[in-house]
Amino acid sequence: MVFRKKKVQSGARFGAEVAGGLLEGRIAKQGDAVNLYPNREAWLQAAAAELTQDFAAVSYRVPERLRYAIGFPSTGRFGKRIGECWTAEHSADRTCEIFIRGDLEKPVDVLGILTHELVDAAVGTDAKHGKIFRRCALAIGLTGPMRSTAPGPVLAQRLCEIADTLGPLPHAALLWSDRKKQSTRLIKVACGECGYTARVPRKWLEEAGPPLCPQHGAMVIVGDV
């Protein structure tokens, strides 16, 4: 089950609108704190352990076998998904897998996405974002469209408390929008007589020179593709 980008936008608003600045204050407070966990997976595991109690309190059971990762969802870095849950049926060792996109770093935003994906894990992804999912999501404190939920007031404060308890998330956002494009390895060559063009790997141009036009012989390099 997927969780789409709109969630982060909603999550960024709920701190000021619902918690009266509580979110911003707690995030700032974490800036000087010491990491309590060696890596982000351990942090997410501890967070899920906290949230599992909240699910149990509203009569929902989160699977015991869970793994967590921050990185790329199945749509890659340019997709809209910011969270994904893959149930045990899709795992070779029958473990539920939760992924959170790597350009996110604010602990409370990450916890909001984790909560959404734990709903998927609890009710099963076959439920999609229908009535069964909605019932669990509302019970745990999520609000808004079910495909892009946001924490409600009570859950927002709870997530802030969990973030304080866990300390800083040992992760920094991946700035893939700043990543330079790989330069092309194909170089354009053309025939000076008829304009016939081809694209050739740089390696072969350097080792063997330009190819031949079928009608007029040697071609010339005209630049990168």
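The values are calculated or read from the model by the stated rules, or taken from the named source; none is laboratory data. All of these numbers come straight from a predicted model, not from anything done at the bench. Neighbour counts are summed over all protein chains in view; Cβ atoms, including those assigned to glycine, are modelled from backbone coordinates with ideal geometry.
For this structure, a couple of remarks:
- Listed conditions (1) modelled with pLDDT under 85; (2) over 16 Å from Val123 (Cα atoms); (3) not small (Gly, Ala, Ser) are all met by Asn39, apart from (1).
- Any hit, the stretch 125-138, residues being of a type in the set (D, E, K, R), surrounded by 17 or more Cβ atoms within 10 Å (Cβ to Cβ) and in contact (Cβ under 8 Å) with a residue 24 or more places away in the chain: no
- Total residues in the stretch 112-126, condition out of contact with any Leu (no Cβ under 7 Å at 6 or more places or on another chain), modelled with pLDDT of 95 or more and not β-branched (Val, Ile, Thr): 3
- Per the listing Thr52, Thr149, the residue uniquely surrounded by 15 or more Cβ atoms within 10 Å (Cβ to Cβ), in contact (Cβ under 8 Å) with a residue 24 or more places away in the chain and touching a helix residue (DSSP H, G or I) at 6+ places or on another chain (Cβ under 6 Å) is Thr149.
- Glu105 of a type in the set (Asp, Glu) and either touching a Lys or Arg at 6+ places or on another chain (Cβ under 8 Å) or under 15 Å from Val62 (Cα atoms) (or both): no
- Number of residues in the stretch 102-153 that are assigned to a loop (DSSP other than H, G, I, E, B) and under 22 Å from Gln53 (Cα atoms) equals 4.
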